[in-house]
Amino acid sequence: MSKIDAAGTYSLGNHKVKRMGYGAMQLAGPGVFGPPKDRDAALAVLREAVASGVNHIDTSDFYGPHVTNQIIREALAPYPGDLVIVTKISAKRGTDGSWMPAFSREELTQAVHDNLRNLGLDVLDVVNLRSMLGIHGPVEGSLEAPLTVLADLQRQGLVRHIGLSNVSAKQIADGRRICEIVCVQNAYNLAHRADDALIDELARDGTAYVPFFPLGGFTPLQSSTLSEVAARLGATPLQVALAWLLHRAPNILLIPGTGSVAHLRENLAAAELVLPGDALTALDRVAKIAAA
Ligand SMILES: NC(=O)c1ccc[n+]([C@@H]2O[C@H](COP(=O)([O-])OP(=O)(O)OC[C@H]3O[C@@H](n4cnc5c(N)ncnc54)[C@H](OP(=O)(O)O)[C@@H]3O)[C@@H](O)[C@H]2O)c1
């Protein structure tokens, strides 16, 4: 038993993963570009995550690019049997670090092969098709062509499960006419709750919802309510933000990102934090203030 078991598990395709996972994006250099300042520290974060019981890691070959996956492979291969590595495709990086859509058949196929090679895998457990129609929020538009390519790669045996990222309810429904969608990864946290209805809808049909920016992203969440609740519970504000997500819905899987072992420990410990009713009421107001 590890401490993160307190948060329970949820289905991700045919895998059962712990609800407290880890997001690897912060392991690349500044701006998610190039190598990290301290490669040994990055290796240590990954090894500690898995030693602490984490069996769900989120990544992409466009983090770095390539660098993050290569660090994951160096730190963890041969991989523990229960570890599920989820990756995402549909973007590429310019030489200046810029992010560009990469939605053609050739680019998507190349991205799957890049992930396989750099992670050292024969099959990718879960691949999210990341919509680049919007930046940090869904923008309507058809994803039929790229999703058809990804479904073809799944039929070839290179991909076990498919998810969607940065998408609307309509894009998920349309996507389900092409292939099974096992998870949705959108921006969501205590102060950014545009997906409230979508999360409940996905929970009803057993689909995992994986919020990106669970701590607020590049600028972590700050609010006096979070700080007050945290002080009362002897926790940190970001632990409260993670515990709130775990409480929010059973299908939420957490992938908080950090390049620091100390922050990783703090984040994983949130799995054991129980929020009393009055704290939940106060935290609900944070979302209403943020939305106003
Ligand atoms: N699908 C998509 O489009 C998409 C987009 C963005 C991210 N993602 C995925 O989602 C994961 C999570 O998102 P994210 O990493 O961008 O954002 P996040 O988890 O909301 O926050 C990460 C930020 O919080 C800091 N942090 C983490 N733990 C902390 C702690 N205990 N105390 C203080 N600061 C702390 C990190 O800095 P330190 O490194 O200093 O701890 C980093 O600046 C990523 O790793 C990635 O796998 C997906």
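The values are calculated or read from the model by the stated rules, or taken from the named source; none is laboratory data. Note that the coordinates shown come from a computational prediction; the quantities given were computed from them, not determined experimentally. All Cβ positions, even for glycine, are placed from backbone atoms using ideal geometry, and neighbour counts span all protein chains on display. The area values use the complete protein model at the heavy-atom level, side chains included, leaving out ligands, DNA and RNA. Shrake-Rupley method; radii C 1.70, N 1.55, O 1.52, S 1.80 Å.
Quick notes
- Estimated FRET transfer efficiency when R0 is 25 angstrom, pair Ser98-Ser142 (beta carbons, to 0.05): 0.55
- Acute angle (nearest 10 degrees) that the helix 39-51 long axis makes with the longest principal axis of the chain, alpha-carbon atoms: 70 degrees
- On Cα atoms only, tilt of 237-248 relative to the major axis of the chain in degrees: 70 degrees
- Amide hydrogen neighbours beyond the local backbone of His161, cut-off 5 Å, H modeled: Val126, Val127
- Residues in the range 115-121 carry Karplus couplings, in order, of 4, 4, 5, 6, 7, x, 10 Hz; the curve used is 6.51 cos²θ - 1.76 cosθ + 1.60 with θ = phi - 60°, and Gly or Pro positions show x.
- Close amide H contacts of Ala91 (hydrogens built in the peptide plane, cut-off under 5 Å, sequence separation of 5 or more or a different chain): Ala102.
- C-alpha long axis of helix 144-155 to longest principal axis of the chain, angle in °: 80 degrees
- Of the whole protein surface, Arg93 contributes about 30 Å² of accessible area at a 1.4 Å probe radius.
- If you sort Asp174, Asp278 by accessible surface, 1.4 Å probe, largest first, the order is Asp278, Asp174.
- Over the chain: helical MRE at 222 nm, DSSP H runs n ≥ 4 each giving -39500 (n - 2.57), nearest 500: -11500 deg cm²/dmol
- Potential lengthening between Glu228 and Ala51 on full extension [0.36 nm per residue; Cα-Cα distance subtracted]: 60.5 nm
- Global geometry of the range 221-262, whether rounded, prolate or oblate, following the gyration tensor of its Cα atoms and the 1.5 cut on a/c: oblate
- Taking every C-alpha pair closer than 8 Å and separated by at least 6 residues, the mean separation divided by the residue count of the chain gives a relative contact order of 19 percent.
- Phi angles of the range 168-177 translate, via the Karplus equation with coefficients 6.51, -1.76, 1.60 and θ = phi - 60°, into HN-Hα couplings of 9, 4, 5, 5, 5, 4, 5, x, 5, 7 Hz per residue; Gly and Pro are given as x.
- Taking a ≥ b ≥ c as the square roots of the Cα gyration tensor eigenvalues, the range 165-276 comes out prolate, since a/c reaches at least 1.5 and a/b is larger than b/c.
- Cα centroid of the range 98-149 to Cα centroid of the range 21-97, whole Å: 17 Å
- With each label modelled as a point 7 angstrom along the Cα→C-beta vector, the Ala249-Val123 pair spans 2.8 nm.
- Extension gain for the segment Ala262 to Asp284, taken as residue separation times 0.36 nm less the Cα-Cα distance, is 5.1 nm to one decimal.
- When a 1.4 Å probe is rolled over the protein heavy atoms, the share of accessible surface on the chain that falls to carbon and sulfur comes to 55 percent.
- Prolate/oblate/rounded call for the range 58-210, Cα gyration tensor, a/c under 1.5 rounded: rounded
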